[in-house]
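The values are calculated or read from the model by the stated rules, or taken from the named source; none is laboratory data. Computed from a prediction, not measured in an experiment: that's the story for all the values here. Cβ coordinates were reconstructed from backbone atoms using ideal geometry, including for glycine residues, and neighbour counts include every protein chain displayed. These accessible areas exclude ligands, DNA and RNA; they are computed on the full protein's heavy atoms, side chains included. Shrake-Rupley method; radii C 1.70, N 1.55, O 1.52, S 1.80 Å.
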Amino acid sequence: MSDDSSIHRREFFRRAGLAGGVLAGGSSAQAQAPGAVSIVVNSADELASAAPVLWAARELQQALTDSGRTVNRRERPEDAPADEFCVIVSGARAAIAAAALKAANVIAPDDPESLVMLTAKVAARQALLVCGSDARGLVYALLELADRARHPLGSRGPLWVGLPVVERPANEVRSVMRQFTSEPLDKPWFYDREMWPHYLTMLAAERFNRFHLAFGFGYDSLRQVSDSYLLFAYPFLLAVPGYDVRATNLPDEERDRNLETLRFISEQTAARGIEFELGLWMHGYQLGSGSHARYLIEGLNADNHANYCRDALTALLKACPAISSVGLRIHGESGIAEGSYDFWRTVFDGVKRCGRKVEIDLHAKGIDQTMIASAQNTGMPVNLSPKYWAEHCGMPYHQTAIRDLEMPVEGHTGAGLMTLSEGARIFTRYGYADLLRDDRRYTVRHRVFSGTQRLLLSGDAVWAAAYSHAYRFCGSTGADLMEPLTCRGRRGSGAPGNRLGYADASLATQWDWQKYAYWYRLNGRLMYDPGTNWDVWRRQMRPQALELALAYASRILPIVTTAHMPSAACDAYWPEIYWNQPMVTVARQNPYSDSPTPRTFCNVSPLDPQLFSRMTDFAEEMLKGKRSGKYSPIEVAQWLEDLADSAESELGKAGEQQSAEYRRIAIDVKLQIALGRFFAAKFRSGVLYTIHTKSGSLTALGEALKAYRIARDVWAGMKESASAYAADLSVSDRFDERGQWTDRLALIDADIAEMAHGAASAVEDPRVLAAVTEALGRPKRTMAHCRHVPPPRFKRKEALPVRIEVMGRVRSVRLYYRHVNQAERFESVEMELQSGKFRGTIPAAYTDSVYPLQYYFEISESEEKVGLYPGFAQDLANQPYYVVLRG
């Protein structure tokens with residue numbers, strides 16, 4: 001689908017012509033009758049005989065055998081009987097593939113990781129040719145056939161291909177990050193030699209080409225540390241000659257086991273054609289006040305710290321030669337003061353000394369040119385990983401602007417270790433910042449934190465495809481996705497037990513990642529190709545109504561994140577299990593410290609304040625009768641209500657099933673439906689309460705209370721679904737990230753009780769009553785039809801004319817534009833109507849820049865009817881602005 005696609009989901013399914021089935025794990029469809037198959041791999045074909053390809057061929061052989069077929073391995077198609085179907089595995093440039101491709105008039109892509117599958121007659125035998133531009137492309141093709149065999153859909157067998165299949169990757173890097181943050185919760189999966197082959201095979205099948213295993217993410221500072229296992233990772237993995245450094249209470253045998261486990265995981269990863277990245281997020285070692293950890297680091301001091309880290313990193317890379325990238329958190333939360341360039345130069349040198357090419361992946365918070373240059377001076381490839389939508393996950397585009405709290409203030413310096421990331425480089429904290437300049441000599445891929453949804457299953461094909469487009473923004477190379485459950489047990493809150501958090505043991509999967517198999521499939525396959533056929537995920541999620549129910553429900557929390565962000569830190573804000581922020585007064589126990597003052601619900605900033613309005617601002621607009629074009633909290637509430645209704649309707653159509661798979665999905669969908677209705681009602685209540693505080697309206701206060709009580713009742717109704725989960729689903733030691741849904745009701749009741757005591761005026765202004773009616777109603781944004789063709793490129797130091805044709809009578813059109821640099825604010829210009837078109841110009845002085853340009857239009861039909869163009873499509877899956885690159 002294209003970047004601006006807005007085809008309705010039902011239309012996608014109609015076009016695909018897919019029938020309903022049963023939940024993944026079985027199929028009502030009849031598979032192709034079993035028969036003998038030869039898998040042909042010529043050992044003289046260097047590409048086809050590469051180790052990962054041979055591994056994938058064995059996976060296909062096993063899948064076909066399990067489906068009842070007799071499978072043989074052959075060197076040449078001529079070796080197979082004339083009536084035996086052949087799967088010919090070949091490099092795209094090999095003679096056998098070249099001839100078949102030419103006969104079919106198919107051109108194989110040269111792009112890395114590309115593949116072609118087509119039926120052909122080879123050596124007088126019916127055959128399926130599977131060829132790739134490289135080993136990874138061949139692996140993907142073979143695993144696709146294996147997946148078809150394991151999840152049959154429709155009457156055709158897994159080896160049937162109609163029109164030739166030609167696929168190439170949209171995103172160069174498609175990464176998943178798993179983090180070790182809790183000794184009791186994470187040791188079991190870390191040591192599980194049975195799990196890793198299954199997990200990594202799944203990643204390869206879903207076309208992730210990088211696995212990022214990270215240590216040291218458990219804490220953001222070294223104060224009050226209770227679980228320090230693998231926090232400062234080196235001494236937990238190896239002894240470094242020349243240094244008497246060790247972790248107390250850690251037997252040498254366990255340390256050696258840790259290193260051997262890391263080597264095993266990295267080698268198993270590489271054997272499947274996947275890059276392995278090692279994340280080292282903590283380089284501080286001295287535990288601060290309030291810490292009571294079992295494992296302390298001995299033998300380090302200020303004099304040997306940097307050299308030890310350098311030599312330990314070199315030794316680690318030599319001990320695990322399958323590591324191809326090292327991820328480093330280089331801001332103050334690493335335990336190292338920002339501005340410690342000499343320290344990091346020494347650490348970077350540890351990568352260089354390993355004797356092979358290893359990427360240096362720098363977490364972008366607090367990054368500056370000195371740090372970038374220090375990494376580049378090693379001669380190693382350098383990547384920067386900025387956060388996508390802060391530490392959460394918003395809608396499928398890049399936020400138009402960051403919050404005012406993150407905008408740079410001249411002369412401001414941060415405190416403690418955070419002098420840059422809370423000072424001059426504060427705008428690097430939660431977005432792509434100023435990193436997307438077009439003359440950069442580093443790559444950029446976006447790191448997607450798991451703060452919005454950490455436990456509940458999510459999956460929506462339309463939005464997954466849109467995210468895939470967003471990860472390529474302005475030449476970005478892809479994304480690094482933090483898995484669900486990333487934060488479970490963080491900051492010492494873990495305890496032995498089920499990492500999935502189920503109280504009902506019958507809901508647990510053998511391995512935690514299996515619950516999220518659909519999440520992996522959608523994200524991996526659609527990052528590879530956002531136009532992937534629907535049958536790829538329909539094999540795993542049936543019936544169609546259940547897929548739709550989950551899809552609609554999965555949009556709810558990312559919308560909440562985008563429109564309402566009381567804290568950008570995932571260690572404070574958890575919309576999935578929301579700690580209620582009061583409307584009336586600032587709470588004494590308030591986790592939302594990075595929020596505008598007063599820190600009340602109605603005053604919270606959106607995470608994209610350029611396109612969304614906060615409650616206080618929108619209420620002011622209604623009372624003054626003068627609107628901006630921003631999306632209002634009432635529009636957002638309506639989106640949430642509609643999505644909740646649609647999800648509930650589709651879930652009803654799916655019917656009741658007793659399987660654990662169905663129950664897991666249904667429980668999580670119901671919880672997300674309730675969250676949508678809760679936030680929708682509270683958003684309406686917040687606008688109404690703000691109208692009351694600004695006008696004294698008794699009517700507004702009464703309606704605010706009604707809406708809040710609706711929200712409260714919705715939350716109370718979550719009890720049945722919430723009972724499937726344990727009483728404590730901790731993702732941190734903070735008070736607001738402990739417990740679960742049933743704990744939060746008392747906070748809501750207390751705020752409602754305080755609101756009920758509000759003072760009110762007896763006089764009701766007509767404009768106020770109209771605002772109340774609007775806040776309770778169903779908003780409908782209607783826009784005049786527009787025609788606009790974006791300029792293909794712009795030339796530096798040349799003015800860029802922008803034109804838009806608006807059908808119908810409008811009062812004015814304003815052009816908003818900005819460099820693709822989040823440290824800057826938007827400029828705007830009133831456009832002039834000439835010859836039926838509105839015309840504006842981005843000045844030559846502004847195009848004298850190393851950054852692409854982005855822009856959108858605000859169209860005013862009257863003071864009270866203002867909209868944005870392009871704005872959001874019906875499915876909310878498009879980029880709501882234009883981007884122009886330099887020519």
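In table form, for the structure just shown:
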{"item": "Under 30 Å from the Cα of Lys121 - lysines, other chains or at least 8 residues apart", "result": "Lys102"}
{"item": "Whole-number accessible area per residue in Å² for segment 804-887, which is evaluated in the context of all protein chains at 1.4 Å", "result": "42 Å²"}
{"item": "Surface accessible to a 1.4 Å probe, per residue, for the residues of segment 718-785, Å²", "result": "53 Å²"}
{"item": "Solvent-accessible surface (1.4 angstrom probe) belonging to Lys318, in square angstrom, nearest 10", "result": "130 Å²"}
{"item": "Highest average packing first - 43-54, 485-496, Cβ atoms within 10 Å", "result": "485-496, 43-54"}
{"item": "Theoretical ellipticity at 222 nm over the chain - DSSP helices of four or more residues, -39500 (n - 2.57) apiece, nearest 500", "result": "-10000 deg cm²/dmol"}
{"item": "14 Å beta-carbon shell around Ile107, net charge (K/R +1, D/E -1)", "result": "0"}
{"item": "Net charge dipole size for segment 370-446 [Lys, Arg +1 and Asp, Glu -1 on Cβ; Debye, nearest 20]", "result": "260 debye"}
{"item": "Rounded to 5, the percent of DSSP beta bridges in the chain classed as antiparallel", "result": "45 percent"}
{"item": "Positive-end residue of Ala711, Ala724, Val768, charge dipole of segment 685-802 with Cβ unit charges", "result": "Val768"}
{"item": "Those GluC sites (Glu not before Pro) in segment 656-723 that DSSP places in a loop and that have at most 15 other beta carbons within 10 Å", "result": "Glu656"}
{"item": "Degrees between helix 341-352 axis and first principal axis of the chain (Cα, 0 to 90, nearest 10)", "result": "20 degrees"}
{"item": "Tilt relative to the chain, helix 698-716 - C-alpha long axis, 0 to 90 degrees, to 10", "result": "30 degrees"}
{"item": "Neighbour net charge for Gly629 - beta-carbon separation under 11 angstrom, K R +1, D E -1", "result": "+2"}
{"item": "Partners for Lys706 among lysines (Cα-Cα distance below 30 Å; same-chain residues under 8 apart left out)", "result": "Lys624, Lys626, Lys630, Lys670, Lys682, Lys694, Lys719, Lys780, Lys865"}
{"item": "Residue-level accessible surface for Glu861, protein heavy atoms, 1.4 Å, Å²", "result": "60 Å²"}
{"item": "Cβ charges +1 (Lys, Arg) and -1 (Asp, Glu), total dipole of the chain, debye", "result": "1580 debye"}
{"item": "Under 21 Å from the Cα of Lys318 - lysines, other chains or at least 8 residues apart", "result": "Lys352, Lys357"}
{"item": "Per residue convex hull volume, Cα atoms of segment 708-824, in Å³", "result": "308 Å³"}
{"item": "Stokes-Einstein D in µm²/s, Kirkwood radius over Cα pairs - segment 747-793 at 37 °C with 0.692 mPa s viscosity", "result": "209 µm²/s"}
{"item": "Volume of the Cα convex hull of the chain, divided per residue and given in Å³", "result": "171 Å³"}
{"item": "Debye log10 I(q)/I(0) for segment 136-185, one point scatterer per Cα, at q = 0.13, 0.22, 0.23, 0.25 Å⁻¹", "result": "-0.53, -0.93, -0.97, -1.05"}
{"item": "Point-charge dipole on Cβ atoms (K/R +1, D/E -1) for segment 55-186, about Cα centre, debye to 20", "result": "400 debye"}
{"item": "Protection proxy ranking, peptides 148-160, 105-117, 471-483, average beta carbon neighbours within 10 Å, highest first", "result": "471-483, 148-160, 105-117"}
{"item": "³J(HN,Hα), Karplus 6.51/-1.76/1.60, whole Hz, each residue of segment 810-816, x for Gly, Pro", "result": "10, 7, 6, 10, 10, 8, 9"}
{"item": "Fraction of accessible area attributable to carbon and sulfur, the chain (%, probe 1.4 Å)", "result": "49 percent"}
{"item": "Rounded accessible area per residue of segment 479-618, 1.4 Å, Å²", "result": "23 Å²"}
{"item": "Average projected area [Cα convex hull, segment 591-704], square nanometres", "result": "9.5 nm²"}
